[in-house]
Amino acid sequence: MPKHTQNAIGPQLARHRNSLSMSQADFSAHCQRLGWDISRETLAKIESGIRCVTDVELTQISKALKIPIPSLFPASNQYLFLNERKS
């Protein structure tokens, strides 16, 4: 992950969104129907790593994609989540 990146989930968010065949506009509209007011422009900034993501937004993204939060992090970080659960 480049040092200038403001979040760790952007590429995974884009990958999961694309796997659902949703455009950024479609996904932001989906999130808005679920009660999270996010624009396509904001989503683009998150996916490109320009914008930070709060813990509340991380939860909303996880719910909108119907995936567990650890799935939004790079594979190298998922190992950390799995080991924390075992402790």
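Listing for the model above:
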| read-out | value |
| --- | --- |
| Sorted by Cβ density within 10 Å, fewest first, the residues E41, E57 | E41, E57 |
| Rough spin-label spacing in nm, given labels placed 7 Å along Cα→Cβ, for S71 and M22 | 1.2 |
| Highest-first arrangement of 30-40, 60-70, where packing means the average Cβ count within 10 Å | 60-70, 30-40 |
| Sorted by Cβ neighbour density within 10 Å, fewest at the top, the residues S71, S28 | S71, S28 |
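No lab work stands behind these numbers, since they all come straight from the coordinates. Source: prediction; values computed, not measured. With ideal geometry, Cβ positions are generated from the backbone for all residues, glycine too; neighbour counts draw on all protein chains shown.
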